[in-house]
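The values are calculated or read from the model by the stated rules, or taken from the named source; none is laboratory data. Fair warning: this is a prediction, and the values are worked out from it, not measured in the lab. Using ideal geometry, Cβ is built from the backbone for each residue, glycine included, and neighbour counts are taken over all protein chains shown. With ligands, DNA and RNA removed, areas are computed over all heavy atoms of the protein, side chains included. Shrake-Rupley method; radii C 1.70, N 1.55, O 1.52, S 1.80 Å.
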Amino acid sequence: MKTHTTQRLPIPSHFDPARVGEVWRVPYQQRAAEAEAWAAQYHIPPAAEDRERICLLAIDVQNTFCIPDFELFVGGRSGMGAVEDNVRLCEFIYRNLGEITEIIPTMDTHTAMQIFHPIFWVNEAGDHPTPAATMITLEDVQQGVWKVNPNIAYSLTQGNYSALERHALHYTRRLTEDGKYPLTIWPYHSMLGGIGHALVSAVEEAMFFHCIARSSQTNFEIKGSNPLTENYSVLRPEVLDGAEGGAIAQKNTVLIQEVLNFDKVIIAGQAKSHCVAWTIDDLLTEIQMVDPNLARKVYLLEDCTSPVVVPGVIDFTEQAEVAFQQFADAGMHIVRSTDDFI
């Protein structure tokens, strides 16, 4: 239990649900002063005093996925899924400000020359694959339908093009052998240094407010910057080894241990069918290797996450629902942001 009585706090007056789908500058100094005053007014103690330690893991709540007209906006079936989710996520943070010990936002982080971006590949005509409409299979690489763009070897391997060719073959083979999705070519997104990479302004503001009010540093977790592998899950890349057998990436064992040390872990973010589901799946794998009962400490905010849906093209809603049911069957809790579970 806590050192203080659990209370659901009001929503601060600065929060405007109508602006959650927009990009704007957070007035840090003003919010910092307000957060300290808020903590004093509502007798919110520092997070260090928490006896029950609660973590909010917010996956990829970034402009690139959450703002309409950005690169990979997650609309869900409603068409405005990520925006609606983030209204509820902000309200959840504010209402439970005194109960959430630490917030860990993951940050999908990319540069242009990565294995899932168009510039990495060319066909015989020298054309790049069409993003969001191209999946590159092992057979495609074996048959030369798609091959590594020789012009990127200068930047990625000091001109060693043959090493990139071997890696492409190995990588697509590993995905096939491990039963994973074929390599999807995505639009350039979450670009380091760009506004798509930033947290949604309203969510950033809520996290900053929490940080100041509770004296708990927001624990940003970067993922996805390795050019030679995909990284849907924050806990591990899709492929860990290279063509020569050596490691090119590793599991995020530090974060895994940190998350499992909390008494409760609350998970939200985008997209339910991809980065959220695969992160939870990896977390469940780790839990089952240690103690399956630890799954009971995990709470999934089903109304703060949406699946990838492209109307008339593809709809991952059912796959996401199947995954979440499997998580529930393993002992995790499927909850809504307004439920009384903290």
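Among the numbered conditions (1) touching a residue at least 12 places away in the same chain (Cβ under 8 Å); (2) open to solvent by 30 Å² or more (accessible area, probe 1.4 Å); (3) within 19 Å of the chain's Cα centre (by Cα), tell me where His110 comes up short.
Unmet condition: (2).
Is there any pair linking a residue in region 181-202 that is modelled with pLDDT of 95 or more and surrounded by fewer than 16 Cβ atoms within 10 Å (Cβ to Cβ) to one that is part of a helix (DSSP H, G or I) and aromatic (Phe, Trp, Tyr), with Cβ under 7 Å and at least six apart or on different chains, and which?
Listed pairs, sorted by first residue: none to list.
Looking at (1) surrounded by 18 or more Cβ atoms within 10 Å (Cβ to Cβ); (2) within 29 Å of Trp38 (Cα to Cα), which is the one condition that is false for Asn219?
(1)
May I ask you to list the residues in region 204-231 that are among the aromatic types (Phe, Trp, Tyr) and under 18 Å from Gln30 (Cα atoms)?
Phe208, Phe209
For region 222-241, name all the residues that are charged (D, E, K, R) and either open to solvent by less than 30 Å² (accessible area, probe 1.4 Å) or touching a Gly at 6+ places or on another chain (Cβ under 6 Å) (or both).
Residues satisfying the conditions are Lys223, Glu230, Glu238.
Is it the case that Ala47 is within 17 Å of Ile212 (Cα to Cα), touching a strand residue (DSSP E or B) at 6+ places or on another chain (Cβ under 7 Å) and either among the aromatic types (Phe, Trp, Tyr) or crowded, with 19+ Cβ neighbours inside 10 Å (or both)?
yes
Can you work out which of the residues in region 138-149 that are in contact (Cβ under 8 Å) with a residue 24 or more places away in the chain and over 15 Å from Pro118 (Cβ atoms) is surrounded by the most Cβ atoms within 10 Å (Cβ to Cβ)?
Residue satisfying both the conditions and the ranking: Val141.
Among the numbered criteria (1) modelled with pLDDT of 95 or more; (2) farther than 30 Å from Ala40 by Cα; (3) in contact with a helix residue (DSSP H, G or I) (Cβ under 7 Å, 6 or more places away or on another chain), which single criterion is violated by Thr157?
In the conditions (1) modelled with pLDDT of 95 or more; (2) farther than 30 Å from Ala40 by Cα; (3) in contact with a helix residue (DSSP H, G or I) (Cβ under 7 Å, 6 or more places away or on another chain), Thr157 misses (1) alone.
Restricting attention to region 16-44, which residues are hydrophobic (A, V, I, L, M, F, W, C), assigned to a helix (DSSP H, G or I) and surrounded by 14 or more Cβ atoms within 10 Å (Cβ to Cβ)?
Hits for region 16-44 are Ala32, Ala35, Trp38, Ala39.
Please give the number of the condition Ile342 fails out of (1) more than 23 Å from Met107 (Cα to Cα); (2) assigned to a helix (DSSP H, G or I); (3) touching an Asp or Glu at 6+ places or on another chain (Cβ under 7 Å).
The one condition Ile342 does not meet is (2).
Out of the residues in region 73-99 that are more than 20 Å from Pro17 (Cβ to Cβ) and in contact with a strand residue (DSSP E or B) (Cβ under 9 Å, 6 or more places away or on another chain), which is most open to solvent (accessible area, probe 1.4 Å)?
Arg77
Could you go through region 57-68 and let me know if any residue there is under 19 Å from Ile212 (Cα atoms), outside any loop (DSSP other than H, G, I, E, B) and either of a type in the set (Val, Ile, Thr) or modelled with pLDDT of 95 or more (or both).
Yes, because at least one residue in region 57-68 is under 19 Å from Ile212 (Cα atoms), outside any loop (DSSP other than H, G, I, E, B) and either of a type in the set (Val, Ile, Thr) or modelled with pLDDT of 95 or more (or both).
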